[in-house]
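Every read-out reported here was derived from the displayed coordinates using simple, explicitly stated rules and does not represent laboratory data. Predicted model, so just to flag it, every value in this text is computed and none were measured. Ideal geometry is used to build each Cβ from the backbone, glycine not excepted, and the neighbour counts take in all protein chains shown.
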Amino acid sequence: MRRIGPLGDSAVLVEFERDAAAAPTVQGFCAALRARGWPFMLDLVPAFRSVCIHYDPLRLDGSGWTPATWFAELETLSSAPETGSGACLHRLPICYETGFGLDLDAVAQQLGATVETLIEQHLAAVYTVAMIGFAPGFPYLEGLPGRLRLPRRATPRSRVPAGSVAIAEDLCGIYPVQLPGGWHVLGRTPVRLFDVHRHSPSLLQAGDRVQFERIDGRQFESFGPC
Amino acid sequence: MLKVLRGGQLSSVQDAGRMGFQALGVTPGGALDTVALRVGNWLVGNADHLAAIEMTWAGLQVSFTEDALIALTGALAEVSCEALSVPFWRPVWIRRGSVLQMGQVIEGARVYLCVQGGIVTPTVMGGQGTDLRNRFGGHAGRALKAGDTLVVGPQPNRYPRLHAGLQCSPAGFASPPWQVSMWRDSGMPADRPLRLLAGPQQSGLGRQGLESLHSAQFLVLPQSDRQALRLQGVALKARYDRQPSAGVCFGVLQLPPDGHPILLLGDHQTTGGYPVIGVTASVERTRLAQLKPGDSVRFVPCGQDEAHRLLQERERRLMTIRRELAQRAECG
């Protein structure tokens with residue numbers, strides 16, 4: 001563990017080693033926290049190498065803990081060995097056809113590859129959801145092949161269509177709804193990532209794994225409106 | 001029911017927020033001035049967290065289809081009913097058919113209109129408030145506009161004497177002669193600097209930068225909204241490596257590369273990558289909620305223990321107010 005420190009008086013940030021494969025550690029720590037079920041703990045936000053714990057300082061004070069004793073307890077928890085991961089593997093359909101893969105040609109050109117090689121490499125990887133952020137249900141996927149690494153687009157789009165699967169730096173992301181964005185769009189999934197009316201609104205959770213499966217335009221349309 | 005005749009600058013249904021879904025990228029949101037919401041709810045005999053209308057700056061106009069017990073809290077504003085000024089920080093019985101009209105805010109930024117029974121909207125992820133950016137929750141997932149109809153929850157028969165007073169009064173509303181003292185941190189001038197705890201990347205500012213942070217005056221810019229206050233003052237520079245995105249919270253003071261700090265409010269994104277140079281104490285939330293473009297702010301360092309102590313003290317004062325309100329309610 002790298003550091004555990006307060007984020008103001010109602011949150012604490014637990015940061016993990018930079019070089020470790022952080023996802024399992026982060027997920028293990030979150031599971032350990034949930035198992036404790038402290039009533040003053042309001043929310044947990046797993047991110048790339050950290051977990052942010054939001055708490056109610058008034059309820060913490062009334063629970064017999066002080067911030068100092070609780071932080072010490074968090075330190076013990078965060079160095080506990082990982083438990084088995086309960087992560088799901090999601091197979092998400094993706095359509096790379098014209099009109100969906102808005103930046104495929106440009107990306108292939110920049111990387112000096114053919115569009116087909118680019119697609120093959122993007123399909124071959126198994127991605128891990130490092131965190132959900134930016135917008136409800138937007139997954140940051142780690143595991144993008146090194147050869148597909150590119151800086152963001154010089155000019156962000158004001159509207160990236162819902163379902164767009166896009167890459168930037170060493171990450172792949174999926175836009176759950178139409179949003180502004182500067183990532184390179186390779187294709188689009190017809191699967192709805194976020195729906196407030198579902199029991200579990202976000203299809204993906206931090207720690208889950210994702211693999212893409214290629215579909216054509218006709219199959220995409222048969223999924224119905226995203 | 002409440003009928004919206006005019007939506008005003010920005011009015012939305014807000015409650016105590018939806019905590020517990022930030023791992024899915026869902027912002028906690030909710031009423032920015034949580035103290036104003038709580039006291040307003042207490043004034044009409046509601047539980048702390050019931051949904052109310054948060055009005056920003058000016059312009060909301062609503063009519064009541066039934067007699068209703070309401071309370072106005074938060075910023076100080078011109079609110080009238082049949083050309084008479086409606087008092088803040090006390091329970092007010094409004095006669096069916098009356099129209100409540102909100103003019104310009106005089107001091108502060110956000111007014112809360114609490115109604116006995118609360119504003120009832122479908123619960124989405126544990127909350128009834130409006131997520132304006134992601135367009136869900138609250139009333140149709142958006143700001144209120146003319147033509148909207150809001151449902152009020154069941155109204156227990158509280159304040160019967162006040163209600164009886166309304167029946168005798170020719171006016172469109174009736175209110176008792178008392179009020180809760182408008183919420184202020186006792187003995188503190190309004191321009192007192194905001195208490196700021198050290199943030200994880202504060203050391204990146206260097207000694208001089210830190211001195212500037214604690215001495216400079218920052219102006220609240222017009223781009224500010226429910227998501228964040230945009231500040232401009234002395235340009236600060238932080239020496240730092242690129243931060244991987246991590247969870248953020250209300251009151252986080254971020255420093256983007258242009259050197260102009262961003263202070264996060266209730267509709268903040270769940271994670272952020274800019275260096276966090278400070279976090280305001282929880283007890284400052286009310287003041288942050290009531291800042292508007294053109295206001296200026298300063299920061300003063302505050303420790304963890306002091307921040308906790310101040311919050312506890314304020315909570316004790318609030319509990320006293322709640323007890324007194326309950327007693328007065330019984331006497332009408």
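Worth a mention:
- For the peptides B:99-112, B:275-288, the ranking by mean Cβ contacts within 10 Å, running from highest to lowest, is B:275-288, B:99-112.
- Comparing mean-square fluctuations of B:A77, B:A174, B:A164 from a GNM of chain B with C-alpha springs under 10 Å, the top value falls on B:A164.
- Where only C-alpha atoms are counted, convex hull volume of the stretch B:207-332 per residue in Å³: 135
- Cα-based Rg / Dmax (Å) for the stretch A:2-79: 11.9, 38
- Per the Debye formula on identical point scatterers at the alpha carbon atoms of the stretch A:92-172, with no solvent, log10 I(q)/I(0) at q = 0.24 Å⁻¹ is -1.53.
- Of every Cα-Cα pair in the stretch B:2-186, the percent that sits beyond 20 Å: 50
- Cα-based helix-to-principal-axis angle, B:304-331 vs chain B, degrees rounded to 10: 0
- Karplus-derived 3J(HN,Hα) values for the stretch B:45-61, using 6.51 cos²θ - 1.76 cosθ + 1.60 with θ = phi - 60°, are x, 8, 5, 2, 9, 4, 6, 9, 9, 9, 10, 9, 6, 5, x, 5, 9 Hz; glycine and proline are entered as x.
- Taking 18 Å as the straight-line reach from the Cα of B:K292, the aspartates and glutamates in range (excluding those fewer than 8 positions away in the same chain) are B:D33, B:E54, B:E78, B:E107, B:D191, B:D225, B:D267, B:E284.
- Across chain B, the convex hull enclosing all Cα atoms gives 125 Å³ per residue.
- Converting phi to 3J(HN,Hα) with the Karplus coefficients 6.51, -1.76 and 1.60 and the offset θ = phi - 60°, the stretch B:213-227 yields 4, 8, 10, 6, 9, 10, 9, 7, 8, x, 6, 5, 8, 5, 7 Hz in sequence order, with x at every glycine or proline.
- Shielding by partners, peptide A:47-54 (average Cβ within 10 angstrom, other chains): 6
- Per-residue mean of C-beta atoms belonging to partner chains within 10 Å, peptide B:270-280: 4
- At q = 0.13, 0.14, 0.18 Å⁻¹, base-10 log of I(q)/I(0) for the stretch A:17-152 (Debye sum, equal scatterers on each alpha carbon): -0.73, -0.80, -1.08
- The angle between the Cα long axis of helix A:67-78 and the longest principal axis of the Cα atoms of chain A comes to about 50 degrees, rounded to the nearest 10.
- Chain B: most fluctuating residue of B:S169, B:S224, B:S11 per GNM, C-alpha cutoff 10 Å: B:S169
- For residues of A:128-136, the mean tally of beta carbons on other chains within 10 Å: 6
- Surface/4 estimate of mean projected area, convex hull on alpha-carbon atoms of the protein assembly as shown, nm²: 26.6
- Note on the stretch B:275-332 and the stretch A:136-153: Cα centroid distance 41 Å, given to the nearest whole angstrom.
- Taking 27 Å as the straight-line reach from the Cα of B:K3, the lysines in range (excluding those fewer than 8 positions away in the same chain) are B:K145.
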